[in-house]
Amino acid sequence: MPLVVGLGNPGGTYQNTPHNVGFVVVDILAKRAGAIWKRERGQSRVAKGTESHPLMIFLKPYSYMNLSGEPVRRTLERYRIPMAEMLVVCDDVNLPLGQLRLRLSGSAGGHHGLLSLIDTLETESFARLRIGVGGGEPGADLTDYVLHKFSPDLHDKVEQVVQRAADAVLCYFREGAQRAMNQFNRDAEIATLSPDK
């Protein structure tokens, strides 16, 4: 059964921030699949789809972004999921706002959540869907940028991006990586997003 991992930080402080778009996407997918989130040992929330094709398991590590690796490793082992059946969803400050990039492997690219996974799993060979959130103003502190909430007036625009990312995940598992990359790794026609200043 495929595993979709959304990276983010737990708690209301981090809701609606660029760094938590991975959590939002797996929430969308779990809702579409009729799945209910349950707390598991090892600082994580897991939901199993009952109405999706294919059936999938969704994971939100609750260990905070920089320590995402251990909850992911434990989930892979507990459910005996091969690495080839895992897709990680996360934000990316190196991509323009709203743009998606699906890759089958690669470096962390400065993303601490991906770095934790790579260090813990001892491989870069796992699929990941990066959601562009931009990097803010030139010279801005990236940590502050990704942890700063989007303004309420951007709700509809952010919703377009995360719904499109959820569609990309489904396409990946239903139609294959190449089809998903061809369809979603192009510039999205979505209005520019920006966190509230």
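The values are calculated or read from the model by the stated rules, or taken from the named source; none is laboratory data. Everything numeric in this text was worked out from a predicted model, so none of it was measured. Here the Cβ positions follow ideal geometry from the backbone for every residue, glycine too, while neighbour counts run over all protein chains shown.
Looking only at the range 1-39, filter to residues that are in a loop (DSSP other than H, G, I, E, B) and of a type in the set (Gly, Ala, Ser); which one of those is farthest from MET86 (Cα to Cα)?
GLY11
To keep it simple, each residue is scored yes or no on (1) surrounded by 20 or more Cβ atoms within 10 Å (Cβ to Cβ); (2) among the hydroxyl-bearing types (Ser, Thr, Tyr).
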{"position": "VAL72", "(1), (2)": "yes, no"}
{"position": "PRO96", "(1), (2)": "no, no"}
{"position": "LEU100", "(1), (2)": "yes, no"}
{"position": "SER107", "(1), (2)": "no, yes"}
{"position": "GLU122", "(1), (2)": "no, no"}
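Cβ-Cβ below 7 Å, separation at least six or inter-chain, first residue in the range 88-114 and more than 22 Å from GLN163 (Cβ to Cβ) and among the polar types (S, T, N, Q), second at pLDDT 90 or above and surrounded by 22 or more Cβ atoms within 10 Å (Cβ to Cβ): which pairs?
SER105/PHE126
Quick one: in the range 1-45, which of the residues that are surrounded by fewer than 19 Cβ atoms within 10 Å (Cβ to Cβ) and of a type in the set (Ser, Thr, Tyr) is farthest from THR143 (Cα to Cα)?
Only one residue tops the list, namely THR13.
Kindly indicate whether ASP144 is in contact (Cβ under 8 Å) with a residue 24 or more places away in the chain and either among the small types (Gly, Ala, Ser) or exposed (fewer than 14 other Cβ atoms within 10 Å of the Cβ) (or both).
no
Return the residues of the range 40-62 that are at pLDDT below 95 and part of a strand (DSSP E or B); say none if nothing qualifies.
Across the range 40-62, the qualifying residues are GLU40, SER44, LYS48.
Residues being touching a helix residue (DSSP H, G or I) at 6+ places or on another chain (Cβ under 7 Å), without any contact (Cβ under 8 Å) to a residue 60 or more places away in the chain and under 20 Å from HIS112 (Cα atoms): count how many of those fall in the range 23-57.
3
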